[in-house]
Amino acid sequence: MNTTADLPILVGVDGSESSVDALRYAVTLAGALGRPIRAVMTWDYAALIDLYPTPGRSPEKETAAHLDAVIARAFTEGRPAGLTTRVVAGPPASVLIAESRHAEMLVLGTRGRGGFTGLLLGSVSAACAAHAHCPVLIVRHEKQEG
């Protein structure tokens, strides 16, 4: 396990409500532990889009803008101190597992944007829990009554 004081709390963000909950919790945890926090969002080309790239389109820039929007939605009072972001190309589970080599802890939501809504734990969270190189905290999303 990594124990260096400057290792961040890593949080995987995909824009889902569960990942927003994880982001908020990770910021609280990072503050309590005196750790920096790094929010990571991934992007990947869809198989058919690779055949005909759209001129002028930048998935990396679009993903970075999406991550900034999610952070703004999660923290309406302003961006938390010590929060950095990283946008990485690749499948979410693989990217987060690789990133976990340089993190004190990985924080994830229970479910992201996958299509199998009946599952208690999404495939990315399950893969990271099984293979990450640091402790993994999975934050359960509480549905609002209404």
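Just a few scattered comments:
- Looking only at residues in region 108-146 that are of a type in the set (Val, Ile, Thr) and open to solvent by 50 Å² or more (accessible area, probe 1.4 Å), the one that is modelled with the lowest pLDDT is 117.
- Note on region 66-110: residues that are under 22 Å from residue 132 (Cβ atoms), polar (S, T, N, Q) and out of contact with any Ser or Thr (no Cβ under 6 Å at 6 or more places or on another chain) amount to 4.
- For beta carbons closer than 6 Å, sequence separation of 6+ or different chains, a first residue in region 80-105 that is within 17 Å of residue 20 (Cα to Cα) and a second that is modelled with pLDDT under 95 and of a type in the set (A, V, I, L, M), the qualifying pairs are 92/124.
Condition check ((1) open to solvent by less than 30 Å² (accessible area, probe 1.4 Å); (2) at pLDDT 90 or above; (3) under 16 Å from residue 128 (Cβ atoms)) across all residues:
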site: 4; (1), (2), (3): no, no, no
site: 8; (1), (2), (3): yes, yes, yes
site: 12; (1), (2), (3): yes, yes, yes
site: 23; (1), (2), (3): yes, yes, yes
site: 26; (1), (2), (3): yes, yes, yes
site: 32; (1), (2), (3): no, yes, no
site: 43; (1), (2), (3): no, yes, no
site: 56; (1), (2), (3): no, no, no
site: 64; (1), (2), (3): no, yes, no
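The values are calculated or read from the model by the stated rules, or taken from the named source; none is laboratory data. Just so it is clear, the model here is predicted, and its values are computed rather than measured. Note that each Cβ is placed from the backbone with ideal geometry, even for glycine, and that neighbours are counted across all protein chains shown. Ligands, DNA and RNA are stripped out before the accessible areas are found, and what is left, the full protein with its side chains, is counted by its heavy atoms. Shrake-Rupley method; radii C 1.70, N 1.55, O 1.52, S 1.80 Å.
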